[in-house]
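S.K.: Following this message is one structure expressed as structure tokens.
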Amino acid sequence: MNGPRRTSRISLGLLSTIRARILIGVLLLLIVGLVGNSVASVFTLQSHLEERAESTLRDARDRIHRRLAEAPREIDGAQLATLAAPSIGVMVIDSHGEAAQQIAFGVPEPVNAMTRERPDQVLHLTDQSVPDLIALRIPTPGLTVTVADQRIEASAIVLALRTDLDRVTVTDFISRQASIVGTTVVLAAALGLAVLKYGLRPLGRMADAADALASGAREERLPVRGGHSETDRLAAAVNNAFDVQARAESNIRSFAADASHELRTPLATISGWLDLYHQGGLRDPGALDRAMERVDAEAGRMRALVEELSLLARLDAGRPLASQPLDLSAVAADVVDDARVVAPGRSITLHAPPSVLVVGDGPRLQQVLHNLVGNAIQHTTPGTPVQVSLTVTSDEALVCVSDAGPGMPAADLARVFDRFWRADASRNQVQGGSGLGLAIVQAVIHAHRGTVSIDSQPAAGTTVTVRLPRDSRALSARPPHEGPGER
């Protein structure tokens, strides 16, 4: 019982390989092509031989007709055999319709009766008594045939041609074609197996590399020979996918480490004050109030961090934001007013049209502008001016937040949108926030189908440019109104 089933499973396993399926498919196509060509060749040869035999009889009939057109209407047997051709048998039919004389090779007696009803037509006789024979009956009324001093009043002459040699030729051709087809298929199978083994070798190396990756060799990559073949394109695509996955895993590990680091400091501060309280070190009401203030401040820092992480997680998951018409000039004006309260000694200006209508999430866009203006204030020296400007085109709205601060080197520009990244390598919390501000800016703007870019040079200031698409249908949803203008 196990033997046949195991054999069946092995056969199915072999057929499941790409090499076997390609080879079988190619061989089937080759067999169909060769067999079809052989069958067509056999029919063509058979048809040619039949047409040649029929043409031979018709040519003999035409020669006899031309002779009968001459006078006198008498002919001897030797002359009749010459007109018919050596390969054609001749039967002379007398005036009573009986076979009177055979010339050349003997024509079987049944041929007379078989051709009587269809004169002047080439007949392929299928009767077993007259195998491999075609015949043609020629009416010859008034013809006298002399054979061995015997004069016969011939009413007809029957011409017959043997086709057994043609049948043998066709049979031999079929056997040769079968041998050719068989040999060609065997050679093609051997050659195809060798070609596929060589051609699919890159897939084998790719499978080995993939197994190494699955075993933990994260730096392993599929081999690429540098050509433009399908295997090279596949290997390059898979390698790119592995690189993207490796970067994603690295980002996740870095994100988890950075998040834990950001939460560790406030947790340590809260734990320290609680330990001091349990040890009786906060008996003085003023000290206790100071401790509660510090605990509340650190809890607020953790709450803000968790909210920022939650927002990034929602944006990463592709959850849609609110979408409604809003006046970006009014949003920018509110943000600038808030910044002037926070930094009263700063020169913070707004240049904007009376109204810039876009479609989006108002609170989130306000958070974007708060983060950008807050960064400009936080990372420049007191007294450095900050400018917010809005411009609008038919397709998009542009928001630029510029400062005249110290700027950033090119190496820092490449990472400003990374989460938890700060230019301060010591991660000092005095000068910086959580390190998620610009990451949130980028995520929110991308969720609005916009783009954000930053241009900065050392000692030349920094400019952050946000581009938001405008929806012409939403622009007509609410009438324009007077905005803040230039402040």
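Each row is one residue, and each column tells you yes or no for (1) closer than 30 Å to residue 229 by Cβ; (2) touching an Asp or Glu at 6+ places or on another chain (Cβ under 7 Å); (3) not assigned by TED's automatic domain parsing to the domain that holds residue 84.
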position	(1), (2), (3)
140	no, no, no
155	no, yes, no
175	no, no, yes
192	yes, no, yes
196	yes, no, yes
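S.K.: Follow-up question, since we're still on this one. Can you confirm whether residue 340 is basic (Lys, Arg), under 30 Å from residue 366 (Cα atoms) and surrounded by 13 or more Cβ atoms within 10 Å (Cβ to Cβ)?
M.R.: yes
S.K.: Any idea which residue in segment 318-352 is nearest to residue 378 (Cα to Cα), counting only those that are over 49 Å from the mean Cα position of the chain (by Cα) and among the charged types (D, E, K, R)?
M.R.: 346
S.K.: Starting from segment 276-292, take each residue that is of a type outside the set (S, T, N, Q) and list its partners that are in a loop (DSSP other than H, G, I, E, B), counting only C-beta distances under 8 angstrom and pairs at least six apart or across chains.
M.R.: 276/282; 287/281; 288/282; 291/282
S.K.: Given the conditions (1) farther than 30 Å from residue 235 by Cβ; (2) modelled with pLDDT under 90, report the number of the one that residue 182 does not fulfil.
M.R.: Here residue 182 clears every test but (2).
S.K.: Hey, does segment 94-116 have a residue that's outside any helix (DSSP H, G or I), in contact (Cβ under 8 Å) with a residue 60 or more places away in the chain and assigned by TED's automatic domain parsing to the domain that holds residue 144?
M.R.: Yes - at least one qualifying residue is present in segment 94-116.
S.K.: Only one of these conditions is not met by residue 259: (1) modelled with pLDDT under 75; (2) surrounded by 15 or more Cβ atoms within 10 Å (Cβ to Cβ); (3) not in a helix (DSSP H, G or I). Which number is it?
M.R.: Looking at each condition in turn, residue 259 falls short on (3).
S.K.: Considering only residues that are within 20 Å of residue 381 (Cα to Cα) and not in a loop (DSSP other than H, G, I, E, B), look in segment 401-411 and name the one that is nearest to the chain's Cα centre (by Cα).
M.R.: This residue is 401.
S.K.: Taking the stated definitions as given, is residue 415 surrounded by 15 or more Cβ atoms within 10 Å (Cβ to Cβ), over 26 Å from residue 350 (Cβ atoms), at pLDDT below 75 and of a type outside the set (Phe, Trp, Tyr)? Can you show your working first?
M.R.: Numbers: surrounded by 15 or more Cβ atoms within 10 Å (Cβ to Cβ): no; over 26 Å from residue 350 (Cβ atoms): yes; at pLDDT below 75: yes; of a type outside the set (Phe, Trp, Tyr): yes.
No, not satisfied.
S.K.: With respect to residue 355, determine if the residue is under 15 Å from residue 468 (Cα atoms), in the same structural domain as residue 329 (by TED's automatic domain parsing), more than 46 Å from the chain's Cα centre (by Cα) and at pLDDT 90 or above.
M.R.: On the way: under 15 Å from residue 468 (Cα atoms): yes; in the same structural domain as residue 329 (by TED's automatic domain parsing): yes; more than 46 Å from the chain's Cα centre (by Cα): yes; at pLDDT 90 or above: no.
Considered against the rule, which asks whether it is under 15 Å from residue 468 (Cα atoms), in the same structural domain as residue 329 (by TED's automatic domain parsing), more than 46 Å from the chain's Cα centre (by Cα) and at pLDDT 90 or above, residue 355 comes out as no.
S.K.: If residue 331 meets every condition in (1) among the aliphatic types (A, V, I, L, M); (2) surrounded by 13 or more Cβ atoms within 10 Å (Cβ to Cβ); (3) at pLDDT below 85 apart from one, which number is that one?
M.R.: So residue 331 meets the others, but not (3).
S.K.: Name the single residue that is surrounded by the most Cβ atoms within 10 Å (Cβ to Cβ) among those in segment 67-90 being out of contact with any Leu (no Cβ under 9 Å at 6 or more places or on another chain) and either β-branched (Val, Ile, Thr) or closer than 14 Å to residue 148 by Cα (or both).
M.R.: 80
S.K.: Checking residue 393 against (1) more than 21 Å from residue 346 (Cα to Cα); (2) modelled with pLDDT under 75, which test does it fail?
M.R.: Answer for residue 393: the failing condition is (2).
S.K.: Would you pick out the residues in segment 82-109 that are in contact with a Gly (Cβ under 9 Å, 6 or more places away or on another chain) and among the small types (Gly, Ala, Ser)?
M.R.: Across segment 82-109, the qualifying residues are 89, 104, 106.
S.K.: For segment 287-328, which positions are more than 30 Å from residue 264 (Cβ to Cβ) and surrounded by fewer than 18 Cβ atoms within 10 Å (Cβ to Cβ)?
M.R.: If the condition is that a residue be more than 30 Å from residue 264 (Cβ to Cβ) and surrounded by fewer than 18 Cβ atoms within 10 Å (Cβ to Cβ), then 318, 320, 321, 322, 323, 324, 325 are the ones that fit.
S.K.: Could I ask something else about it? Restricting the search to segment 20-75, which residues are among the β-branched types (Val, Ile, Thr), in a helix (DSSP H, G or I) and within 23 Å of residue 155 (Cα to Cα)? Steps first, answer last, please.
M.R.: Our first condition is that a residue be among the β-branched types (Val, Ile, Thr); within segment 20-75, this holds for 22, 24, 26, 31-32, 35, 39, 42, 44, 56, 64, 75.
After this cut, where a residue has to be in a helix (DSSP H, G or I) as well, the list is 22, 24, 26, 31-32, 35, 39, 42, 44, 56, 64.
Those that are among the β-branched types (Val, Ile, Thr), in a helix (DSSP H, G or I) and within 23 Å of residue 155 (Cα to Cα): 56, 64.
S.K.: Something else about it: Out of 139, 202, which single residue is buried (at least 16 other Cβ atoms within 10 Å of the Cβ) and touching a Ser or Thr at 6+ places or on another chain (Cβ under 8 Å)?
M.R.: None of the others qualify; the one that does is 202.
S.K.: If the requirement is being modelled with pLDDT of 80 or more and either surrounded by 15 or more Cβ atoms within 10 Å (Cβ to Cβ) or within 60 Å of the chain's Cα centre (by Cα) (or both), which of these qualifies: 97, 33? Give the derivation first.
M.R.: Values: 97 fails: either surrounded by 15 or more Cβ atoms within 10 Å (Cβ to Cβ) or within 60 Å of the chain's Cα centre (by Cα) (or both).
The conditions single out 33.
S.K.: With (1) part of a helix (DSSP H, G or I); (2) at pLDDT below 75; (3) of a type in the set (D, E, K, R) as the list, and residue 218 as the residue in question, which single condition is left unmet?
M.R.: It is condition (1) that residue 218 fails.
To keep it simple, each residue is scored yes or no on (1) touching a helix residue (DSSP H, G or I) at 6+ places or on another chain (Cβ under 9 Å); (2) within 27 Å of residue 375 (Cα to Cα).
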{"site": "282", "(1), (2)": "yes, no"}
{"site": "298", "(1), (2)": "yes, yes"}
{"site": "306", "(1), (2)": "yes, yes"}
{"site": "320", "(1), (2)": "yes, yes"}
{"site": "323", "(1), (2)": "yes, yes"}
{"site": "344", "(1), (2)": "no, yes"}
{"site": "349", "(1), (2)": "yes, yes"}
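S.K.: Which residues, counting only those in segment 38-83, are at pLDDT 85 or above and of a type in the set (Gly, Ala, Ser)?
M.R.: 38, 40, 41, 47, 53, 55, 60
S.K.: Just checking, does segment 300-313 include any residue being outside any strand (DSSP E or B), polar (S, T, N, Q), more than 41 Å from the chain's Cα centre (by Cα) and not assigned by TED's automatic domain parsing to the domain that holds residue 446? Let's see the steps before the verdict.
M.R.: First, pick out the residues of segment 300-313 that are outside any strand (DSSP E or B): 300-313.
Narrowing further to those that are polar (S, T, N, Q): 310.
Then drop every residue that is not more than 41 Å from the chain's Cα centre (by Cα), which leaves none.
No, that holds for no residue.
S.K.: Another question, then. Go through (1) surrounded by 18 or more Cβ atoms within 10 Å (Cβ to Cβ); (2) closer than 21 Å to residue 62 by Cα; (3) modelled with pLDDT under 85 and name the single condition residue 144 misses.
M.R.: So the condition that residue 144 fails would be (1).
The values are calculated or read from the model by the stated rules, or taken from the named source; none is laboratory data. Not measured: the values here are computed from a predicted model. Cβ atoms come from the backbone with ideal geometry, glycine included; neighbour counts cover every protein chain shown.
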